[in-house]
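Working notes for the structure below.
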Amino acid sequence: MNLNQLYYFRELADQKQYTKAADSLFISQPTLSVSIKQLEKELHCQLFKHNGHYVQLTEYGRIFYDTVTKSLDSLDRGKKKIEQRISQDHGNIHIAGIPTAIGTILPNLTKQYQQESNISPHFIYHDNPSYQICEGIKNGWYDIGISSFVPEFSYFTYIPLYTEEIIAIVSKENDLAKINEISPEELQGESIITYSKKIQIGKDITNALLANASDLNITNRLHDELAIAGQVLTNDIVGVVAKTIYLSGFDIHIIKLDLPKNTRQVYLVYDSSQNFSPEIVDFIDFLKSHKPDIQKIVDNIPVK
């Protein structure tokens, strides 16, 4: 029994078809078939049974599948940790951030860090939603992240880094364009578009809005400010979004929205159980000590 056989077995069990599994593994179907037969011969049992063009696990196969998947997942995590440490030892820092952090905030911070520090690591940026950032930290793809708090990864270390103001946006032809401040209660009766609840900012804003006015009419949800602002202008509805640079290209009216300042709290997140390189530890300390500067960068982002 070898590792390839175990990977082949897992892929066939997941795909349930020899052709698909072989394609996914970049091997020929005969090679896959021979490998599975050798595995069954060594284990003295049948792992799969045929059902037309498909295969499914036998009872023996299901027992073996549970063991194999746990073992391979553990092995893959170990490989990722080694790759991560090798990357760190070469002076690389993999930072994953929400798109607004990657686009406007982190470039300024890393430039300032390199000017102030004697250490000169190579920063590699990755943009993702918050959940995927935390998942990537767990899997060893990223060293640190800039994201929302993600309850599913509550065991990570979260350092409050900055807040983004939550605002209402409308077209300049909308009746609400005559005012500059509004409360959630005053949005009752309006058609509202905000972020999808599949991402953390969507959950946080929805909870904050409904805590103040439980019968708001949220008619649509999208994933970012660009899409939401476009819908606001096209359909003359009210958008509730974070105040970010992505709004600067739209001819919209911004209304201050009466929501708690920490509705959109962004964190520095990392797994403190990891053995970080000195460069990463130093950069984490830099971010912690420069939180007021970071908030100024965010507050001064130009938005029409």
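The values are calculated or read from the model by the stated rules, or taken from the named source; none is laboratory data. The model shown is predicted, which means the values in this text are computed figures rather than measured ones. All Cβ positions, even for glycine, are placed from backbone atoms using ideal geometry, and neighbour counts span all protein chains on display.
Points to keep in mind about this one:
- A single member of TYR18, TYR113 is surrounded by 17 or more Cβ atoms within 10 Å (Cβ to Cβ) and either of a type in the set (Lys, Arg) or within 27 Å of SER130 (Cβ to Cβ) (or both), and it is TYR113.
- Just so you know, in segment 246-270 the residues that are surrounded by 15 or more Cβ atoms within 10 Å (Cβ to Cβ) and part of a helix (DSSP H, G or I) include one that is farthest from the chain's Cα centre (by Cα), and it is LEU247.
- Residue within segment 136-145 that is under 21 Å from GLN295 (Cα atoms), within 11 Å of the chain's Cα centre (by Cα) and assigned by TED's automatic domain parsing to the domain that holds SER289 present: yes
- The residue of segment 271-304 that is farthest from ILE102 (Cα to Cα), among those that are aliphatic (A, V, I, L, M) and in a loop (DSSP other than H, G, I, E, B), is VAL303.
- Screening ILE105, ILE137, ILE119 for residues that are closer than 18 Å to THR163 by Cβ and of a type in the set (Val, Ile, Thr) leaves exactly one candidate, ILE105.
- Top-ranked residue of segment 213-243 - restricted to ones that are without any contact (Cβ under 8 Å) to a residue 40 or more places away in the chain and in a strand (DSSP E or B), ranked as farthest from the chain's Cα centre (by Cα): ASN217
- Under the condition of being part of a helix (DSSP H, G or I) and either surrounded by 22 or more Cβ atoms within 10 Å (Cβ to Cβ) or not hydroxyl-bearing (Ser, Thr, Tyr) (or both), the residues counted in segment 120-170 number 12.
- The sole residue among VAL240, VAL269 that is among the aliphatic types (A, V, I, L, M), farther than 19 Å from ILE144 by Cα and in contact with a helix residue (DSSP H, G or I) (Cβ under 9 Å, 6 or more places away or on another chain) is VAL240.
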